[in-house]
Each structure stands twice: as C-alpha cells, then as structure tokens.
C-alpha cells in the first residue's frame, strides 16, 4: 500500500527536477487531464459479441488463451468495463463494435439500428463515457471466403454496404446524444491467402463500396468516418485489399480520418514514424495502439519504446487535437479487466512522459544545430522521476497508485468473474 505522504513528498521533489529542465509539471498535468483514451470493448469477451451464435471468430482474427470468466452479455461487459475504468486515471471513452448490440433475437448485420444500442447509449450517459463505433466485417457467413466490401458477388457487397450505412447512422445517433463526434472506424478483412491474379479489381470494388457507404453526408459534429489499413492477416497473407497505400489515398481524396494500427505493418515499420507525414494530408488520425509480436497478434500494450515514440510524436507535433487514441488488443491468457488496466495505464503513462519532455528546448537546440545537446537532454529525460508524477496523478484522480490496482482486480475476480460459467447467460 502506497503512503499518501510519501507520494506527495516524492512528487514535490520531482517537480523541482523537472523545473530544472524547463518543464512546467502543472501545465503538463492540466493537458494530461484532457487526454481521452478510447477503451476497446472486445477485450472483455475475446471478440465474441452478443449476436447469440456463440461468437466464433474468423476472417483474420484469433484469440489466444481462455482465461475463465469472460463477459457473456452486455450487463456483464458493462460491469467489467466499470471496474476497469475505476482503475484508470482520467475520463475516457468506449470503442464499441457492431456485434455488441442488444438484439433480443436474430437481427442480421444489414438490419441493425439505433434501438439495438440504446442500452449502451443510456449507460454511456449515466457513466459520462462517450462512445466510438466500428462496423463488424468478420465472423459472419457472408464473410466466409474472406471477402466483404470487395467481394466479386454484388449481393455480398450490397449486404455489407447496407451494414456500413446502418453503422454510420448508429454512430451519428451516438454522437448527437453525447454531444461530441463518435469515431466510426471501418476495417475489412478482404484479401487472398495466395498471390492474386488481379490486385486492381478488388481495390476498385472496395473503393466503390466505400463511396456508396459514405455517399450521404453526416454532420461532423456527430460522427467522423475512419478507414483502417493492414499489411496482412490470417487467410490474407499474400494480399490485403485495404493496404496502407489504398487507405492513405482514400482518406486524402475523400477527406476521411486515417486509422493507423500499431500491429498492422511490417515488423520493421512503426506508426510513430508515419504520424507527422499522414497529418500533412489527412485532417485527423485515429490510432489503434496495440502490440504485435512478430505479427498482428494484438498483445496487451506495454510501456515499450514504440509506445513512448507514438506519444512523443503526438506531443512534439502538437497533434493532441487531431489524433484520436484508441486501444486494440485482446488477450484471454490473463484476466481481462487486468489487461484493460495494464494497457490503458501504460498508454497514459507514455503520454505523461511525452508531456513532461522539455519539447521547446530540444526543438530549439535542433534548430540551432546543437545536436549534441539535443541528444544529451533526450537521454537525460529517460531517467527523470516520471513515476513520482504518475503516482501523484493517480492519487489525485482517485484511482489506485502503483500496483495497488491489482488487488482490486483480484477481489473482483473472486467475487464476480470467477463465478461465471463459459456459457452465455441472458440477464
């Protein structure tokens, strides 16, 4: 158990050290309080959803492990989310997939409506948590061959076009209800396991399908359309229709938000290097902060070099108002609420580290050509007392400090999740 007096004493010493480097800690904390992370719902139930068919995954997705006690219905998922939010400093968002509606019977994805998400909208209002959204283009019989919006079958394409249109209307309703834009992110799994005979034709079909989905202008203060690229997936190892180049061009030409996922590129690529380039040409970015291990395996976000670089790029480029930060991982090998807490707290910790950099000073040294001093300050920053400021931030936000949150998860596991069976239960 952390002692509040020691936390405050350590914080005051840290403030002095940061001030010596020219960093205003209070100003950094003020900016930190405005940072919203969009926490992803699908960590809570291994991307199963609530369509009533058992939620078999497919089309380029896989979950490793089967830690007991996954959420089996919306009420259990909301309970788990509330537990996770209680461990995370700040006020954050929820990223919801279309397959997580409350359907009360068979409803195919081209027929979903606002009414199926009214429970989520009521919950978000009560919790003061804004919603983001995603169409679900996977784990469905009409995606069984790995193609949806780029399918050669016009009937399949139309089904998924109708799904996308329905999702835009849902997202707009969410945004209108919460008073800020609901980010609606489009990712499709379309691609080939082996080398295609035509790379062009599926991309022409995908662009045409997207144009039909986005044909109706919707108020940007209600919803923003985002498009997400990928290098490869399970079953699409040789060719993905929606590549980075495809969606970069699409986002630029259609004025859409571009989504960059940290696991969707070659292992030698990093999205931190793409942020400043992309924002020269697209209005806004959506980030899916994840952790790929040798491939897009969506591991729990850790405090890695790349995570720090992503947040540094956002702060150094003054992009906080143009970058939406969401998380994207699913790991059922550890407790799901703990995974949310670890990943989100790490993302916020990396953002705090970036806000505590002497950005003006190191950028001025670069302009002056003093690259020696620039490197020296960047390296000194790595051993500054970030932990003391982070602990103070958590304490003042009323969430557990250090690893104290783990006991809260253990108690929740003993009292709630361990009592669940593996079978869906309607509440």
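Residues of the stretch 65-97 being farther than 17 Å from residue 329 by Cα and in a helix (DSSP H, G or I), which ones?
Residues satisfying the conditions are 74, 75, 76, 78, 79, 82, 83.
Go through the stretch 72-115 residue by residue and tally those that are closer than 23 Å to residue 406 by Cα and under 18 Å from the mean Cα position of the chain (by Cα).
Matching residues across the stretch 72-115 total 15.
State yes or no: is residue 372 under 30 Å from residue 62 (Cβ atoms) and not in a loop (DSSP other than H, G, I, E, B)? Explain how you work it out, then say what you get.
Working: under 30 Å from residue 62 (Cβ atoms): no; not in a loop (DSSP other than H, G, I, E, B): yes.
It is false that residue 372 is under 30 Å from residue 62 (Cβ atoms) and not in a loop (DSSP other than H, G, I, E, B).
Can you confirm whether the stretch 137-149 contains a residue that is crowded, with 16+ Cβ neighbours inside 10 Å, within 30 Å of residue 401 (Cα to Cα) and under 19 Å from the mean Cα position of the chain (by Cα)?
no
Looking at (1) farther than 27 Å from residue 321 by Cβ; (2) in contact (Cβ under 8 Å) with a residue 12 or more places away in the chain; (3) surrounded by fewer than 18 Cβ atoms within 10 Å (Cβ to Cβ), which is the one condition that is false for residue 158?
(2)
Before we move on, is residue 393 touching a helix residue (DSSP H, G or I) at 6+ places or on another chain (Cβ under 6 Å), outside the structural domain of residue 132 (by TED's automatic domain parsing), in a helix (DSSP H, G or I) and buried (at least 20 other Cβ atoms within 10 Å of the Cβ)? Write out each step before concluding.
Values: touching a helix residue (DSSP H, G or I) at 6+ places or on another chain (Cβ under 6 Å): no; outside the structural domain of residue 132 (by TED's automatic domain parsing): yes; in a helix (DSSP H, G or I): yes; buried (at least 20 other Cβ atoms within 10 Å of the Cβ): yes.
It is false that residue 393 is touching a helix residue (DSSP H, G or I) at 6+ places or on another chain (Cβ under 6 Å), outside the structural domain of residue 132 (by TED's automatic domain parsing), in a helix (DSSP H, G or I) and buried (at least 20 other Cβ atoms within 10 Å of the Cβ).
If residue 220 passes every condition in (1) in contact with a strand residue (DSSP E or B) (Cβ under 9 Å, 6 or more places away or on another chain); (2) within 27 Å of residue 271 (Cα to Cα); (3) part of a loop (DSSP other than H, G, I, E, B); (4) modelled with pLDDT of 95 or more but one, which one does it miss?
(1)
Among (1) outside the structural domain of residue 293 (by TED's automatic domain parsing); (2) more than 20 Å from residue 36 (Cβ to Cβ), which single condition is residue 335 missing?
Unmet condition: (1).
Could you list, in sequence order, all residues of the stretch 122-135 that are surrounded by fewer than 23 Cβ atoms within 10 Å (Cβ to Cβ) and touching a strand residue (DSSP E or B) at 6+ places or on another chain (Cβ under 7 Å)?
Within the stretch 122-135, the subset surrounded by fewer than 23 Cβ atoms within 10 Å (Cβ to Cβ) is 122-130.
Within the stretch 122-135, 124, 129, 130 meet the criteria.
Quick one: in the stretch 232-246, of everything that is touching a helix residue (DSSP H, G or I) at 6+ places or on another chain (Cβ under 7 Å) and over 14 Å from residue 135 (Cβ atoms), which residue is surrounded by the fewest Cβ atoms within 10 Å (Cβ to Cβ)?
Looking only at the stretch 232-246, we keep the residues that are touching a helix residue (DSSP H, G or I) at 6+ places or on another chain (Cβ under 7 Å), and these are 241-242, 246.
Still in the running and over 14 Å from residue 135 (Cβ atoms): 241, 246.
Numbers: 241: 27, 246: 18.
Of everything passing the filter in the stretch 232-246, 246 is surrounded by the fewest Cβ atoms within 10 Å (Cβ to Cβ).
For the list (1) out of contact with any helix residue (DSSP H, G or I) (no Cβ under 7 Å at 6 or more places or on another chain); (2) more than 24 Å from residue 51 (Cβ to Cβ); (3) buried (at least 23 other Cβ atoms within 10 Å of the Cβ), I need the number of the one condition that residue 181 fails.
Evaluating residue 181 over (1) out of contact with any helix residue (DSSP H, G or I) (no Cβ under 7 Å at 6 or more places or on another chain); (2) more than 24 Å from residue 51 (Cβ to Cβ); (3) buried (at least 23 other Cβ atoms within 10 Å of the Cβ) leaves (1) as the failure.
Hey, can you tell me all the residues within the stretch 186-208 that are closer than 21 Å to residue 260 by Cα and part of a helix (DSSP H, G or I)?
Of the residues in the stretch 186-208, the ones closer than 21 Å to residue 260 by Cα are 186-191, 203, 206-207.
Of everything in the stretch 186-208, those that are closer than 21 Å to residue 260 by Cα and part of a helix (DSSP H, G or I) turn out to be 203, 206, 207.
Is it fair to say residue 167 is without any contact (Cβ under 8 Å) to a residue 40 or more places away in the chain and within 19 Å of the chain's Cα centre (by Cα)?
On the way: without any contact (Cβ under 8 Å) to a residue 40 or more places away in the chain: no; within 19 Å of the chain's Cα centre (by Cα): yes.
Considered against the rule, which asks whether it is without any contact (Cβ under 8 Å) to a residue 40 or more places away in the chain and within 19 Å of the chain's Cα centre (by Cα), residue 167 comes out as no.
Every residue, every condition in (1) assigned to a helix (DSSP H, G or I); (2) over 13 Å from the mean Cα position of the chain (by Cα); (3) surrounded by fewer than 21 Cβ atoms within 10 Å (Cβ to Cβ); (4) at pLDDT 95 or above, yes or no:
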{"position": "320", "(1), (2), (3), (4)": "no, yes, yes, yes"}
{"position": "333", "(1), (2), (3), (4)": "no, yes, yes, no"}
{"position": "339", "(1), (2), (3), (4)": "yes, yes, no, yes"}
{"position": "344", "(1), (2), (3), (4)": "yes, no, no, yes"}
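Quick check on my filter: what residues within the stretch 185-209 are closer than 18 Å to residue 264 by Cβ and in contact with a helix residue (DSSP H, G or I) (Cβ under 9 Å, 6 or more places away or on another chain)?
Scanning the stretch 185-209 gives 186, 188, 189, 190, 191, 192, 203, 206.
Can you work out which of the residues in the stretch 270-284 that are assigned to a loop (DSSP other than H, G, I, E, B) and in contact with a helix residue (DSSP H, G or I) (Cβ under 9 Å, 6 or more places away or on another chain) is nearest to residue 236 (Cα to Cα)?
So in the stretch 270-284, the residues assigned to a loop (DSSP other than H, G, I, E, B) come out as 270, 274, 279-284.
Restricting the remaining residues to those that are in contact with a helix residue (DSSP H, G or I) (Cβ under 9 Å, 6 or more places away or on another chain) gives 270, 274, 281-283.
Values: 270: 21, 274: 24, 281: 28, 282: 27, 283: 30 Å.
For the stretch 270-284, the residue satisfying everything is 270.
Checking residue 119 against (1) free of Cβ contacts under 8 Å to residues at least 40 places away in the same chain; (2) part of a helix (DSSP H, G or I), which single condition isn't satisfied?
Only one criterion in (1) free of Cβ contacts under 8 Å to residues at least 40 places away in the same chain; (2) part of a helix (DSSP H, G or I) is unmet by residue 119, namely (1).
The values are calculated or read from the model by the stated rules, or taken from the named source; none is laboratory data. The structure presented is a predicted model; accordingly, all values stated were derived computationally and were not measured. Note that each Cβ is placed from the backbone with ideal geometry, even for glycine, and that neighbours are counted across all protein chains shown.
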